[in-house]
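Notes follow once the structure below has been shown.
Every read-out reported here was derived from the displayed coordinates using simple, explicitly stated rules and does not represent laboratory data. Quantities reported herein were computed from a predicted structural model and do not represent experimental measurements. Here the Cβ is made from the backbone with ideal geometry for all residues, glycine too, and neighbour counts use every protein chain on show.
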Amino acid sequence: MNVTTGTTTVTTGTVSTTARPGDPAVEIDWSEAFCSEGANCFRFGLDDAGRAYIGSTLSPGAYVSDSVEALRALIQAVKAGAADHLL
């Protein structure tokens with residue numbers, strides 16, 4: 001799993017993010033943000049290469065990325081209670 005922070009340029013429906021100087025920009029197609037209580041908003045995205053992303057609306061240039069299968073397994077584990085001890 002990759003955690004990235006970088007500079008961000010927002011355009012219509014996508015975010016171009018450069019993780020480090022010299023790295024190619026990643027075009028992420030973000031879905032509508034999911035918000036729970038207060039301002040806790042997260043969004044899911046995909047790039048052209050099929051990688052999946054989870055990001056917070058509070059820090060648009062920071063996100064977690066991995067394969068779709070790996071993030072699906074993460075979400076299923078959280079739904080099953082694997083992270084309940086963090087709450």
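Tabulated values for the structure
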{"item": "Filter result for the condition that a residue is of a type in the set (A, V, I, L, M, F, W, C) and either in contact (Cβ under 8 Å) with a residue 60 or more places away in the chain or closer than 28 Å to residue 25 by Cβ (or both), over 80, 39", "result": "39"}
{"item": "Options 83, 62, 49: the member that is loosely packed, with under 10 Cβ neighbours inside 10 Å and of a type outside the set (D, E, K, R)", "result": "49"}
